[in-house]
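One structure is given here, and the rest of the page talks about it.
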Amino acid sequence: MHEDDLTRAEEDYFSSLTIAEADGDDDRAVEAALRPKSLDELIGQQRVREQLSLVLEAARQRERAPDHVLLSGPPGLGKTTLAMIIAAEMSAPLRITSGPAITHAGDLAAILSGLNEGEVLFVDEIHRMSRPAEEMLYLAMEDFRVDVVIGKGPGATAIPIDLPPFTLVGATTRAGLLPGPLRDRFGFTGHLELYDPADLELIVRRSAGLLDVTLNDDGAAEIAGRSRGTPRIANRLLRRVRDYAQVKADGTVTQEVAQKALDLYEVDPLGLDRLDLAVLDALCRRFGGGPVGISTLSVAVGEERETVEEVAEPFLVRSGFLARTPRGRVATPAAWEHLGLPVPANTEAAAWSTDALWNEA
Ligand SMILES: Nc1ncnc2c1ncn2[C@@H]1O[C@H](COP(=O)(O)OP(=O)(O)O)[C@@H](O)[C@H]1O
Ligand SMILES: [Mg+2]
């Protein structure tokens with residue numbers, strides 16, 4: 001099931017599931033059950049957590065709906081979780097929809113005019129909303145009003161409908177994908193970053209506790225290290241390792257068990273996924289290490305430029321395999337080594353010091 005198809009009733013169902021009910025093989029159900037329910041329960045993202053906590057506290061003191069919030073960052077880092085937390089922290093109802101689900105302005109008008117005072121409206125993938133809907137949203141965000149057009153042609157009239165104060169929470173893989181006027185109407189933007197291994201380790205340990213998995217610290221570190229900075233992946237790998245521990249060992253997740261399980265599932269030792277590896281492979285084998293433009297690189301791996309830019313690159317840059325230079329994307333010596341290829345003597349990246357690579361991120 002895709003998130004687009006999610007109705008509010010279903011989302012309520014998923015978030016009300018207990019761990020025992022959710023602990024099957026249904027990814028979505030387990031994911032929902034593992035979601036932190038408050039800002040305090042959320043691990044990592046220190047900066048966003050502090051900023052958001054201030055926004056919410058101030059709104060509570062003023063007894064007003066908080067400013068509209070935009071959450072940006074790669075998939076699986078906690079955008080949906082944060083939207084749910086915002087509603088929970090405000091003790092407000094939550095309504096969930098997504099950009100692709102809003103194909104006509106009328107769809108949005110129906111949602112907006114059904115909102116109750118103080119309600120939180122979560123629009124996932126907000127950068128994929130249709131143009132007319134976007135324009136309707138500007139007005140709703142700023143003036144808490146929608147103009148519903150009745151009739152067609154010269155006889156058409158716009159009837160303004162006042163909306164109760166509400167909080168829009170939008171999620172996008174990158175804030176830069178949004179048109180400026182929409183971006184500017186959010187009072188607060190939280191940029192989620194890939195998690196560092198220490199935070200991921202805490203997340204794995206928390207999830208293991210909730211799922212009743214016995215795991216030692218080395219086991220947690222091994223899973224965290226292969227999760228490509230992403231809690232969703234960490235939780236998924238934990239469940240695969242748990243299967244292995246149960247069937248092939250005594251049920252306890254140790255480092256050795258985690259290593260064997262993840263090797264069996266062909267999880268790269270550093271967590272790179274198929275797209276990450278395809279990008280590095282194209283960069284090194286087809287383009288001699290670069291520099292190569294992002295569009296050319298995306299065509300070479302058969303993916304949308306957006307996906308390569310928003311999903312693969314942040315992790316590759318962060319892991320020191322790829323650098324974004326003014327002349328294009330460049331493979332670092334570490335990339336060649338990771339692919340098991342000899343490092344060419346004069347790679348473009350050799351000119352980039354490690355410091356420069358990090359700063360590029
Ligand atoms: N900071 C965090 N602490 C613990 N678990 C997290 C955290 N962020 C995300 N998760 C877990 O990762 C999974 C994916 O999070 P989600 O909010 O759906 O990501 P996104 O909407 O950004 O794709 C959820 O199951 C959630 O439990
Ligand atoms: Mg989400």
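Assuming 0.36 nm per residue, please report the length gained on full extension of the stretch residue 158 to residue 47 beyond their Cα-Cα distance.
This chain segment gains 35.7 nm when fully extended.
Show me the GluC sites (Glu not before Pro) within the stretch 45-107 that DSSP assigns to loop and that have at most 10 other Cβ atoms within 10 Å of their Cβ.
Sites meeting the loop and neighbour criteria: 63.
With r as the distance between the Cβ atoms of residue 131 and residue 202 and R0 = 51 Å, compute the FRET efficiency 1/(1 + (r/R0)^6) and round to 0.05.
So the FRET efficiency works out to roughly 0.75.
List the GluC sites (Glu not before Pro) in the stretch 109-162 that DSSP assigns to loop (not H, G, I, E or B) and whose Cβ has at most 15 other Cβ atoms within 10 Å. Which are they?
117
Using Cα springs under 10 Å in a Gaussian network model of the chain, which residue among 79, 260, 248 shows the largest mean-square fluctuation?
248
Starting from the 7 Å offset along Cα-to-Cβ, what nm value, one decimal, do you get for the label separation of residue 240 and residue 113?
Placing both labels 7 Å beyond Cα along the Cβ direction yields 4.8 nm.
Explain nothing, just the number: relative contact order of the chain, from Cα pairs under 8 Å at least 6 residues apart, as a whole percent.
About 14 percent, as a whole number.
Two decimals is fine: what's Rg over Rh for the stretch 91-145, C-alpha atoms, Kirkwood radius as Rh?
A ratio of 0.94.
Please report, largest first and rounded to whole Å, the three semi-axes of the ellipsoid equivalent to the stretch 30-116, where each semi-axis is the square root of five times an eigenvalue of the C-alpha gyration tensor.
Calculated on Cα positions only, the semi-axes equal 23, 18, 12 Å.
Using R₀ = 35 Å, calculate the FRET efficiency as 1/(1 + (r/R₀)^6) where r is the Cβ-Cβ separation of residue 63 and residue 274; round to 0.05.
Rounded to the nearest 0.05, the efficiency is 0.10.
Please work out whether the stretch 270-324 counts as rounded, prolate or oblate from its C-alpha gyration tensor, where a ≥ b ≥ c are the square roots of the eigenvalues and a/c under 1.5 means rounded, while otherwise a/b larger than b/c means prolate and anything else oblate?
Rounded shape, in that the Cα axes give a/c under 1.5.
Once the piece of chain linking residue 145 and residue 54 is laid out straight, how much longer is it, given 0.36 nm per residue of separation minus the C-alpha distance between them?
30.1 nm
Sorted from largest to smallest, which semi-axis lengths in Å does the alpha carbon gyration tensor of the stretch 110-248 give for its equivalent ellipsoid, taking the root of 5 times each eigenvalue?
Calculated on Cα positions only, the semi-axes equal 46, 15, 13 Å.
For residue 248, which lysines qualify as cross-link partners when the Cα separation must be under 28 Å and same-chain residues fewer than eight apart are set aside?
Counting by Cα, and skipping residues close in sequence, residue 248 has these lysines nearby: 260.
Return the equivalent ellipsoid semi-axes of the chain as a descending list in whole Å, where each equals the square root of 5 times an eigenvalue of the C-alpha gyration tensor.
Square roots of five times the eigenvalues give 38, 28, 18 Å.
So how compact is the stretch 100-180: Cα radius of gyration and Dmax in angstrom?
Spelled out, the Cα radius of gyration and Dmax of the stretch 100-180 are 13.0, 41 Å.
How about the stretch 286-325: which GluC sites (Glu not before Pro) there are in a DSSP loop, with at most 13 other Cβ atoms within 10 Å of their Cβ?
Here the sparse-neighbourhood loop sites are 304.
Values in this text are rule-based calculations from the coordinates and carry no lab data. Note that the structure is a prediction, hence the values are computed from the model and not measured. Virtual Cβ from ideal backbone geometry, glycine too; neighbours counted across all protein chains shown.
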